[in-house]
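The values are calculated or read from the model by the stated rules, or taken from the named source; none is laboratory data. Predicted model only: the values in this text are computed from it and were never measured. Ideal geometry is used to build each Cβ from the backbone, glycine not excepted, and the neighbour counts take in all protein chains shown.
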Amino acid sequence: MIRRSPALVAALLVAAVGLSACTGDSDGDSGASSGKVDKVTYVTAFGAVGRDSFIWLAKEKGYFRDVGIDVEIQKGAGNVQNLTLLKSDQAQFAALDFTGAVIQSGTGKFTDWRAVAAIHQQTLVSIMTTKDTGITAPADLAGKTVATGSGSVSELLFPAYAKLAKIDAKTVKLQGAQPTALNGLMAKRKVDALSTFLLSQKALENVSKKEVVVMPYSTYLSDLFGNAIIAKPALIASNRDLVKRFTSAALKGLQDAVDNPEEAATILNRAEPTAAVPAAVGELKAMKPYVAPPGGAPLGHIDEQRVARGIAVLQSAGLMPPGMSPDKVVDFGFVPAG
C-alpha cells in the first residue's frame, strides 16, 4: 500500500483544481461557469465614435468577462472592410450598416454573414443641411447638389428615398466624397446638403455654427434597419453558445450606453483619447430613440416581416435582384420577440 503525505495530497488537489479551471468541464458548460475563456475579435462599424461606444463600455464593465469572453476591439472602416475581415476569419464579430450589407449580399458580393442582433431599429441615413439653405422638405432638393460618402449606403439608398419622397432623383446632383470631409463641405457651403448619418448632426452644428435641418430616410423607408451585429454562419453552427453569450453581453452594453451616455463617452475616451466626449454624448442621445424595438420586443430584436419588407423595397428600387429571403441575412434565434 502506497502512503502519501498530507502535503503531497494537498498539492495534487491544487493541481487538479487548476487544471479544471483551464480546460472547463467535459460536459461543455458555457461561459465563466466552465472556467474557459473564449478570445474573440470584434470590429466596430466605423472607427471609435459614440455609436460604437457600447462595446468598450461592455468590456470595461466586465459584461464579456462575466460570460467567459475576452474581446479584442478593432476599429472598423465601413461595410466592405468589416465583411472582408469576417470572411477571412480575422474577426469573429462585427458591426455594420445592415441595409448596405443586405444589398451586398443580394448582389452576391458578400454572402457569408448573418445578423444576430440589431443596434438600430431603423436606418439612420438622413438628408442634412443648414437652415440658411432654405431646404426644409425633399422637394426642395431639386436642382441642388448633395454630397455623400462615395459608395456608401447613403449613396445607394438615395434613389429609393427619392422615389418614395416623390422627387425626381435625376434633378439632384450627388457628389461623392470622403465621409470625413462631408461636414466641412456643408459648413463651407460647397454643397447644398448632405446624405449622411443623422448621428453626425451635432458635429455639423459645431462645424458650421448654424442650425441644422434633418430629413431622415426612415420617414419613407421605415422598414430598413440601421447598424447590426453580425457573425459568420460557420461560427454560429459550430459554437452557437459563444454567439449567444457575446450578443447578450454586447446588448447589455448597448442599453447602458444609451441610458448613461456620459459614462459611455468617458469610457470610450479613455480607450481612444481622440474620441471627444461631447461628440460621443451627442451621438448616443441622438440614437437612443432608434435603439428600442417597437411593440416592446427585447433590445436587439430583428423582426422577420420588417426584414422581408425591406428586402422588397431594395429589390423594387433596382438595388438587388429577386431571390433574397430574410433567413439569408439574419439568424432570428438570438433575440426572439419574447
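Observations on the structure shown:
- Checked against the criterion of being in the same structural domain as Phe246 (by TED's automatic domain parsing) and modelled with pLDDT under 95, the candidates Gly76, Gly68 yield just one match: Gly76.
- Conditions (1) modelled with pLDDT of 95 or more; (2) under 18 Å from Val153 (Cβ atoms); (3) in a loop (DSSP other than H, G, I, E, B); number of the one not met by Met320: (1)
- For region 192-203, taking the residues that are of a type outside the set (Phe, Trp, Tyr) and not in a helix (DSSP H, G or I), the one that is nearest to Asp331 (Cα to Cα) is identified as Thr196.
- In region 287-304, the residues that are part of a helix (DSSP H, G or I) and surrounded by fewer than 21 Cβ atoms within 10 Å (Cβ to Cβ): Lys288, Pro289, Pro294, Gly295, Gly296, Glu304
- The residues on offer are Thr107, Thr129, Thr123, Thr84, and the sole one that is surrounded by 24 or more Cβ atoms within 10 Å (Cβ to Cβ) and either modelled with pLDDT under 95 or closer than 17 Å to Ile229 by Cβ (or both) is Thr123.
- Residue list for region 137-153, filter: within 27 Å of Phe225 (Cβ to Cβ), hydroxyl-bearing (Ser, Thr, Tyr) and out of contact with any helix residue (DSSP H, G or I) (no Cβ under 8 Å at 6 or more places or on another chain): Ser150
- Any hit, region 262-272, residues being closer than 21 Å to Pro216 by Cβ, among the small types (Gly, Ala, Ser), surrounded by fewer than 22 Cβ atoms within 10 Å (Cβ to Cβ) and touching a residue at least 40 places away in the same chain (Cβ under 8 Å): no
- Pick from region 142-163, criterion in a helix (DSSP H, G or I) and modelled with pLDDT of 90 or more, ranking: farthest from Leu199 (Cα to Cα): Ala162
- Tabulated pairs, region 85-104, first over 18 Å from Ala312 (Cα atoms) and in contact (Cβ under 8 Å) with a residue 12 or more places away in the chain, second of a type in the set (A, V, I, L, M, F, W, C) and part of a loop (DSSP other than H, G, I, E, B), C-beta under 7 angstrom, 6+ apart or interchain: Leu85/Ala91; Leu86/Trp113; Lys87/Phe110; Ala95/Ala45; Ala95/Ile119; Leu96/Ala45
- Scanning region 230-246 for residues that are β-branched (Val, Ile, Thr) and either surrounded by fewer than 20 Cβ atoms within 10 Å (Cβ to Cβ) or not assigned by TED's automatic domain parsing to the domain that holds Ala77 (or both) turns up just one, Ile236.
- All conditions but one from (1) within 23 Å of Lys75 (Cα to Cα); (2) in a helix (DSSP H, G or I) apply to Ala237; the one that does not is (1).
- Which listed residue, of Thr136, Thr180, Thr196, is among the β-branched types (Val, Ile, Thr), free of Cβ contacts under 8 Å to residues at least 24 places away in the same chain and outside the structural domain of Val102 (by TED's automatic domain parsing): Thr180
- The set of residues in region 204-229 that are surrounded by fewer than 19 Cβ atoms within 10 Å (Cβ to Cβ), assigned to a helix (DSSP H, G or I) and hydrophobic (A, V, I, L, M, F, W, C) contains only Val207.
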